[in-house]
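The values are calculated or read from the model by the stated rules, or taken from the named source; none is laboratory data. Computed from a predicted model, the values in this text were never measured in an experiment. Neighbour counts run over all protein chains shown; Cβ positions are idealised from the backbone, glycine included. Heavy atoms of the whole protein, side chains included, go into the accessibility calculation; ligands, DNA and RNA do not. Shrake-Rupley method; radii C 1.70, N 1.55, O 1.52, S 1.80 Å.
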Amino acid sequence: MDHAHADHAHHDHANHHAGGHDGGRGRVSWGTAAKATLHCLTGCAIGEVLGMIIGTALGWGNLATMILAIVLAFFFGYALTLRGILGAGVDLRTAVRVALAADTLSIAVMELIDNGVITLWPGAMDAHLSDPLFWIVLAIALAAAFVITTPVNKWMIGRGKGHAVVHQYHH
């Protein structure tokens, strides 16, 4: 194991206990992680619902509709992050790189959980937009995605990854 990996493997306790503004590393509050996850969830929910509405309106099958919803979830998840970074005056190329680095794992976990719940819930895949089951299961799926993705974001932010990178551009 090289020296850099040895340092990484040996936890830096001084940095962990600093708790201050240490470049995105160290102690991260659950509130910070929840806020980052909620930001991600907003984009995912917009994309999911829009994808399901479009797929249903076009008469597409479940698989095509789900793929569209996932693609749009990633698009809107990244778009919300890009909006904030570009608003801080960062060039588009850098902003896209930051958004991809910040949100890819978070959105992927969220989509896996969200679509997993919807797929496994009896009758949910065949529920129409006018059916209360559709909206109930979607709400449960998004809530489950939020609960499971928040610790992922907490872990990433604590290591200077994910929304910790985005946070650097807001200050």
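Summary table
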read-out	value
Selection count, the stretch 128-162, where residues are open to solvent by 30 Å² or more (accessible area, probe 1.4 Å), under 17 Å from residue 101 (Cβ atoms) and among the β-branched types (Val, Ile, Thr)	1
Number of the exception - residue 32 against (1) open to solvent by 50 Å² or more (accessible area, probe 1.4 Å); (2) more than 13 Å from residue 145 (Cβ to Cβ); (3) out of contact with any helix residue (DSSP H, G or I) (no Cβ under 7 Å at 6 or more places or on another chain)	(3)
Conditions (1) touching an Asp or Glu at 6+ places or on another chain (Cβ under 6 Å); (2) under 17 Å from residue 96 (Cβ atoms); number of the one not met by residue 76	(1)
Selected residue (only one of 107, 85, 118, 113 is of a type in the set (A, V, I, L, M) and touching a Gly at 6+ places or on another chain (Cβ under 6 Å))	107
Scan of the stretch 52-111 for residues that are of a type in the set (S, T, N, Q) and surrounded by 17 or more Cβ atoms within 10 Å (Cβ to Cβ), ordered by number	65, 81, 106
